[in-house]
C-alpha cells in the first residue's frame, strides 16, 4: 500500500481544512459511502494526530497525510493517489491495484 498526494491537492487541504499543531489529514473509511470497489463504504477525512499510522505521506508544504492501521481492511489491496479536480475544486481519490486505476 502506498499513499501519495499531489502538490495541488496538498495545498487545497492546507487551505480548506483547518488543523492544529501536530495534526495531519487522516484518510479513513465511512459507512454509507461508495468507492469503485465497495458500494457500502467510502473515504472520509479527519484532521487529527496520528496514533498508529499504517502509511504516511509528508507533503512538501508540511502537511502530513496518513491512513491508520484500523482502516487497513479497506485500503489493503490498493494504493491511494489523491489529486485535485481544479474545475470542481475538490479532491479526487484514485485507487490503484496492480498498477491499474480502479474507476
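The values are calculated or read from the model by the stated rules, or taken from the named source; none is laboratory data. This is a predicted model, so every value here is computed, not measured. Glycine gets a Cβ as well: all are built from the backbone with ideal geometry, and neighbour counts include every protein chain shown.
Taken over region 1-27, the residue count meeting the criterion of being assigned to a helix (DSSP H, G or I) and surrounded by 18 or more Cβ atoms within 10 Å (Cβ to Cβ) is 4.
Is at least one residue of region 35-46 exposed (fewer than 12 other Cβ atoms within 10 Å of the Cβ), out of contact with any strand residue (DSSP E or B) (no Cβ under 7 Å at 6 or more places or on another chain), under 19 Å from residue 61 (Cβ atoms) and at pLDDT below 90? No, every residue in region 35-46 fails to be exposed (fewer than 12 other Cβ atoms within 10 Å of the Cβ), out of contact with any strand residue (DSSP E or B) (no Cβ under 7 Å at 6 or more places or on another chain), under 19 Å from residue 61 (Cβ atoms) and at pLDDT below 90. Filtered by the rule that a residue be part of a loop (DSSP other than H, G, I, E, B) and closer than 27 Å to residue 15 by Cα, region 79-103 gives 86, 87, 88, 89.
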